[in-house]
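This report refers to the structure that appears directly beneath it.
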Amino acid sequence: MTYTSPNPETAIAALADPTRRAIVERLRHGALPVGELAHGLTVSRPAVSQHLKVLSDAGLLEVTPRGTRRVYALAPEGVAALRRYLDALWDDALAAFAAEAGQRASPLDTETPE
């Protein structure tokens, strides 16, 4: 089985392409060989193979040789690393929102009326 360590930034760049997102969507339901992945896509089978290489190099896919075929599956650790990265971004955005909301809710003038 071939697997590359996950890199969230590379994974995001890989997922920017709609064909690659379609491939990932198909693999959500289980491992498939390139021929089945290519079926119904608007790009050639060699192009699908190139997209699979990009996704694999980004750490999002595991590749397992089975006889003369190669079977592709989502790489759990790669997907988990991407999720951790996105969760951290989301946490930062929520913290910034909470800080801003807290500042707006605080009175600007803290003097007590006489």
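Just so you know, all these numbers are worked out from the coordinates, no wet-lab data involved. These figures come from a predicted structure and were not determined experimentally. Ideal geometry is used to build each Cβ from the backbone, glycine not excepted, and the neighbour counts take in all protein chains shown.
Worth a mention:
- Sequence-distant residues sharing a close amide H with Leu60 (under 5 Å, placed H): none
- Protection proxy ranking, highest mean first, for peptides 89-97, 65-73: 65-73, 89-97, where packing is the per-residue count of other beta-carbon atoms within 10 Å, averaged.
- Per-bin percent of Cα-Cα distances, the chain [5 Å]: 2, 11, 18, 18, 12, 8, 5, 5, 5, 4, 3, 3, 2, 2, 1, 0, 0, 0
- The helix-only estimate of mean residue ellipticity at 222 nm for the chain, built from DSSP H runs of length n ≥ 4 each weighted as -39500 (n - 2.57), is -18000 deg cm²/dmol after division by the residue total.
- 0 to 90° range, to nearest 10: angle between helix 76-105 axis and the chain longest Cα axis: 20 degrees
- Angle between the chain longest axis and helix 45-57 axis [Cα atoms, degrees, rounded to 10]: 50 degrees
- From least to most packed, judged by other beta carbons within 10 angstrom and beginning with the fewest, His39, His51 follow the order His39, His51.
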